[in-house]
Amino acid sequence: DTVPSGHDEL
Amino acid sequence: MNIFRLAGDMTHLISVLVLLLKIYATKSCSGISLKTQELYAIVFVTRYLDLFTDFISLYNTVMKLVFIGSSLAIVWCMRYHRVVRRSYDRELDTFRYWILLGVSFILALVLHEKFTLQEVFWAFSIYLEAVAILPQLVLLQRSGNVDNLAGQYVFFLGAYRAFYILNWIYRYLTEQRFTRWISCVSGLVQTALYADFFYYYFISWKNNAKLQLPA
């Protein structure tokens, strides 16, 4: 599932 | 994931480990600002609200738990551990950080990616992290002599966001739709705040002298 608004960073 | 982001996360982890080492090895938190630690605990709790709802990777989840757990443990230690709390520079750590909380929250209400609870808190955590180091830098200037572990802690904490700036440049160049202005601008401000610390840290390292910040 796509992470909401691209918060894939710490 | 790219090498810059990995380097940034590892540097951030090292800064936390250095601080934990200092507190557990010396049973002292002299030179460490409790206010900065509390701000960082707020940063992690408000940024990782998606911890249980969005699974990105094991690495991502583990690191989030480590950062939340360690920041809360450090705050607990500095407040309640009967030995450590005695070495807290209470009278020097007087930065009015409510201002930082208030300004960051108002800014997050105005500038965010989407007006949802999670996104507003995420933007709040990004703005707050940019200024969270201020109480610590003020405390270091007031306490004059900086012990090695406290200096190394601040150095690694500053270096990690510098790696993240390289990561954002890399992602901007390699990913079409990568636009994350909130993080980028905030990260630049955050790293800039360390500039003078880095300068004096480098001077002290070059002269092999104790780190002295001008009062």
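Yes or no, residue by residue, for (1) touching a Phe, Trp or Tyr at 6+ places or on another chain (Cβ under 7 Å); (2) not acidic (D, E):
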residue	(1), (2)
B:N2	yes, yes
B:H12	yes, yes
B:L19	yes, yes
B:S28	no, yes
B:I32	no, yes
B:E38	no, no
B:V43	no, yes
B:L51	no, yes
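So how many residues does the stretch B:46-67 have that are more than 13 Å from the chain's Cα centre (by Cα) and in a helix (DSSP H, G or I)? Step through it out loud before you land on a result.
Quick first cut of the stretch B:46-67, residues more than 13 Å from the chain's Cα centre (by Cα) only: B:46, B:48-66.
From the residues that got through so far, the ones that are in a helix (DSSP H, G or I) too are B:46, B:49-51, B:58-66.
Count: 13.
Taking the stretch B:170-195 only, how many residues are farther than 20 Å from B:K114 by Cα, modelled with pLDDT of 95 or more and among the aliphatic types (A, V, I, L, M)?
4
Hey, does the stretch B:68-79 have a residue that's part of a helix (DSSP H, G or I) and facing chain A (nearest Cβ under 9 Å)?
no
Hey, B:L111 hits all of (1) farther than 30 Å from B:Q212 by Cα; (2) surrounded by fewer than 18 Cβ atoms within 10 Å (Cβ to Cβ); (3) free of Cβ contacts under 8 Å to residues at least 24 places away in the same chain but one; which does it fall short on?
It fails just one condition, (3).
Please list, ordered by residue number, the helices (runs of 4 or more DSSP H) wholly in the stretch B:117-186 having 3 or more residues that are within 23 Å of B:F202 (Cβ to Cβ). Spell out the reasoning first.
Values: elements: B:117-131, B:134-143, B:148-174.
Output list reads B:134-143, B:148-174.
If you check B:F163, B:F124, B:F155, which single one turns out to be modelled with pLDDT of 95 or more, surrounded by 19 or more Cβ atoms within 10 Å (Cβ to Cβ) and under 11 Å from the mean Cα position of the chain (by Cα)? Break it down stepwise before answering.
Details: B:F163 fails: under 11 Å from the mean Cα position of the chain (by Cα); B:F124 fails: under 11 Å from the mean Cα position of the chain (by Cα).
After applying the criteria, what remains is B:F155.
Working only within the stretch B:108-130, note down all residues that are away from chain A (no Cβ under 11 Å), among the aliphatic types (A, V, I, L, M) and closer than 19 Å to B:T191 by Cα.
Within the stretch B:108-130, B:L128, B:A130 meet the criteria.
Take the residues in the stretch B:31-67 that are buried (at least 16 other Cβ atoms within 10 Å of the Cβ) and polar (S, T, N, Q); name whichever of them is nearest to the other protein chains (Cβ to nearest Cβ).
B:N60
Please work out which one of (1) within 14 Å of chain A (Cβ to nearest Cβ); (2) surrounded by 17 or more Cβ atoms within 10 Å (Cβ to Cβ); (3) assigned to a loop (DSSP other than H, G, I, E, B) is the condition B:F95 fails and give its number.
So B:F95 meets the others, but not (1).
Quick check on B:S30: is it within 20 Å of B:G151 (Cα to Cα) and either among the small types (G, A, S) or touching a Pro at 6+ places or on another chain (Cβ under 7 Å) (or both)? Break it down into steps so the answer makes sense when it comes.
Numbers: within 20 Å of B:G151 (Cα to Cα): yes; either among the small types (G, A, S) or touching a Pro at 6+ places or on another chain (Cβ under 7 Å) (or both): yes.
It is true that B:S30 is within 20 Å of B:G151 (Cα to Cα) and either among the small types (G, A, S) or touching a Pro at 6+ places or on another chain (Cβ under 7 Å) (or both).
State yes or no: is B:S28 touching a residue at least 24 places away in the same chain (Cβ under 8 Å) and closer than 20 Å to B:L193 by Cβ? Break it down into steps so the answer makes sense when it comes.
Numbers: touching a residue at least 24 places away in the same chain (Cβ under 8 Å): yes; closer than 20 Å to B:L193 by Cβ: no.
No; evaluated as a whole, the condition is false for this residue.
The values are calculated or read from the model by the stated rules, or taken from the named source; none is laboratory data. Because the structure is predicted, anything quoted here is derived from the model rather than measured. Note that we place each Cβ from the backbone using ideal geometry, even for glycine, and neighbour counts take in every protein chain shown.
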